[in-house]
Amino acid sequence: MTRPTIRSVAARAGVSKSLVSLVLQGSPKVSPERRAAVLAAVDELGYRPDPTARSLAQGRTRAIGLVLDDLRNPWFVDVLEGLRPVLRAAGLRPVLAESRSEPEAPRTFADLRVDGVVVIGTLPDLSVVAEVAGTVPTVLAGTRLDPADPLDVDVVAGDDEAGTRLAVEHVLGLGHRRVAHVGGEGPVGRLRREAFERAVADGGGRALVEVGTMTEDAGHRAGLALLRAAEPPTAVVAANDAVAVGVLAAAADLGVRVPARLSVVGYDDTSTAALRAVSLTSVDNAAHEVGRLAAERLLARLADPGAPTGLRLVAPRLVVRATTAPG
């Protein structure tokens with residue numbers, strides 16, 4: 001069966017192709033009688049506009065490239081849940097790629113002439129983002145830039161300094177004094193580590209730090225090292241929930257009861273933290289709100305490409321569950 005075209009709609013309605021286009025665009029320049037005839041022909045033929053042809057005519061693809069650092073990280077998925085509905089409501093189509101398996105994803109999206117790009121998380125090579133941002137409106141979500149980085153783009157993220165301080169003040173308030181941080185690399189990992197060290201010092205505690213990747217395996221290795229030390233910590237503030245789960249596994253391997261002998265705090269308050277079997281105290285880094293604001297920032301950038309770029313931080317909150325107790 002041949003797919004109906006705008007020409008067949010015009011022939012059925014007895015009007016020109018250009019008039020059909022005006023009706024489909026909602027133009028007020030068409031008389032009610034002719035509009036009714038065109039819409040009747042559209043219904044009878046089952047005509048659907050070709051989005052590709054429409055995009056070419058408008059000079060836009062109406063596609064937005066979404067580049068995630070790691071699809072395995074549930075926090076990034078939560079950011080997507082806040083971001084995609086805003087884009088769709090604006091008539092834009094989100095297209096997803098993962099940078100770990102597709103490091104050239106930002107450049108690929110630019111080659112496909114997407115209307116904009118949102119990078120979620122910290123990519124290992126920001127030079128690709130800088131290249132793309134020169135020609136395509138770009139927003140970073142859920143990450144931070146180094147002060148020395150020349151990349152000039154909009155950034156929407158959680159307030160990592162404030163969130164880490166919430167976690168540290170919580171365990172210090174429970175009486176813990178030997179507090180460890182199992183941290184990560186990159187701008188976010190560094191921000192959380194530095195905020196941890198300041199908050200522990202301000203509260204009169206003793207800070208212990210293990211640095212690795214922000215993964216469960218890294219958390220497990222660091223947890224084993226910390227808990228086997230001569231003076232092990234009585235509380236751990238992890239760089240994210242995956243690291244915290246690794247620390248919990250290390251404690252279980254060594255017979256260290258949580259929270260009786262060890263309190264553990266995660267970061268990001270992902271769906272993993274809320275599982276009954278985990279019940280992890282964690283910092284809610286407002287993933288959904290970060291996604292929503294990143295989408296709104298991109299829409300504003302599309303409307304006014306020359307507007308100044310900026311940093312928007314979202315306030316975190318602490319969610320207390322079963323992995324913390326007085327020390």
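What follows draws every value from the coordinates through simple rules; no lab data is involved. Not measured: the values here are computed from a predicted model. Heads up, the Cβs are rebuilt from the backbone with ideal geometry, glycines too, and the neighbour counts pull from every protein chain shown.
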Next item on the list: For the stretch 10-15, just list the computed ³J(HN,Hα) in residue order, Karplus coefficients 6.51, -1.76 and 1.60, θ = phi - 60°, integers in Hz, with x standing in for Gly and Pro.
Entry: 4, 5, 5, 7, x, 10
Checklist line | Relative contact order (%) - criterion: Cα under 8 Å, at least six apart; region: the chain | finding: 18
Notebook entry, point to check: Using r as the Cβ-Cβ distance of Ala229 and Ala322, and R0 as 35 Å, what FRET efficiency do you calculate, to the nearest 0.05?
Noted result: 0.90
Checklist line | Net charge contributed by nearby residues that have their C-beta within less than 11 Å of Thr281 (K/R +1, D/E -1) | finding: -2
Check: Using the reciprocal of the averaged 1/r over all distinct C-alpha pairs, how large is the Kirkwood radius of the stretch 174-327 in Å?
Finding: 16.3
Margin query: Along each principal axis of its Cα atoms, how long is the chain end to end? Whole angstroms, biggest number first, please.
Written below: 88, 42, 31
Item checked: Residue-wise HN-Hα coupling along the stretch 231-240, computed from phi with Karplus coefficients 6.51, -1.76, 1.60 (Hz; x: Gly, Pro) -> 10, x, x, 9, 8, 10, 10, 8, 5, 7
Note to self: Between 0 and 90 degrees, rounded to the nearest ten: what's the tilt of helix 74-89 against the longest Cα principal axis of the chain?
What the structure shows: 20
Margin query: Using amide H atoms built in the peptide plane, which far-off residues or other-chain residues are under 5 Å from Arg144 H to H?
Written below: Val188
Margin query: Rounded to the nearest 20 debye, what is the charge dipole size of the chain about its Cα centre when +1 sits on each Lys and Arg Cβ and -1 on each Asp and Glu Cβ?
Written below: 1180
Item checked: Estimated 222 nm signal from helices in the chain, with DSSP H stretches of n ≥ 4 weighted -39500 (n - 2.57), rounded to 500 -> -13500 deg cm²/dmol
Next item on the list: Would you grab the residues whose amide H sits under 5 Å from the one on Val209? Only those 5+ places off in sequence or on another chain, please, with H modelled 1.01 Å from N.
Entry: His181
Item checked: Rounded if a/c under 1.5, otherwise prolate or oblate - the stretch 160-216, Cα gyration tensor axes -> prolate
Check: Which is farthest toward the positive dipole end of the chain among Asn73, Leu126, Gly246, measuring Cα position about the Cα centre, with Cβ charges +1 (Lys, Arg) and -1 (Asp, Glu)?
Finding: Asn73
Margin query: List the residues, sorted by chain then number, that are 5 or more residues from Arg62 or on another chain and whose placed amide H is less than 5 Å from its amide H.
Written below: Asp115
Item checked: Net charge of neighbours whose Cβ lies under 12 Å from the Cβ of Pro305, counting Lys and Arg as +1 and Asp and Glu as -1 -> -2
Check: How big is D for the stretch 247-327, in µm² s⁻¹ as a whole number, if Stokes-Einstein is applied with the Kirkwood radius of its Cα pairs at 25 °C and 0.890 mPa s?
Finding: 163
Next item on the list: Calculate the all-directions average of the projected area of the stretch 54-176's alpha-carbon convex hull, and give it in nm².
Entry: 9.4
Checklist line | Per-residue ³J(HN,Hα) for the stretch 104-118, Karplus 6.51 cos²θ - 1.76 cosθ + 1.60, θ = phi - 60°, Hz, x for Gly and Pro | finding: 8, 3, x, 5, 4, 4, 4, 5, 7, 6, 5, 6, x, 9, 10
